[in-house]
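Right, one structure below, let's go through it.
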Amino acid sequence: MLTEEELSVFKTNLTERKIQIEKNLNGTAKVMKELRGLELNDEGDYAAASAETIVDSAILEQQSDELTEIELALGKIEEKTYGICEMCEEPIGILRLEVKNFARFCITCRSINEKEEN
């Protein structure tokens, strides 16, 4: 079980990451809107803008997914279920949580879950 001090550190880390992702998402969305408003002069400009938009869209999607996971983890902290594997209901190792603050599964269950998804 995690101590109150450990929970506080994870909550701070998750909150800081959430704020950073929200800034990133807002900034990227603004840039993409500006790109759509540009008058592109030739196929090279269009290709460059399209490639940049594809990359930005992929980043937006990845960061949106991470934001969802962070919000779920913050909710679990409030509910006192943070750090408990969603599958086996055993504690998730603190080293795993330090690497991935919003981990939902212990290492063993993560492997099982990934196999089932593929």
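Only the coordinates and a few stated rules stand behind these numbers; no lab work does. Fair warning: this is a prediction, and the values are worked out from it, not measured in the lab. Glycine also receives a Cβ, built like all others from the backbone with ideal geometry; neighbour counts cover every protein chain displayed.
Could you pull the Cα extents of region 58-118 along its three principal axes, largest to smallest, in whole Å?
Principal extents (largest minus smallest coordinate, Cα): 33, 31, 18 Å.
Just order 77-88, 105-116 by mean Cβ neighbour count inside 10 Å, highest at the front, would you? Intermediate values should be presented prior to the final figure.
Values: 77-88: 15.2, 105-116: 13.6.
Going from most to least packed, we get 77-88, 105-116.
Please list, in order, the residues from region 1-34 whose amide nitrogen is less than 19 Å from a point placed 7 Å along the Cα→Cβ vector of C88.
Hits in region 1-34 for C88 at 19 Å: 1-2.
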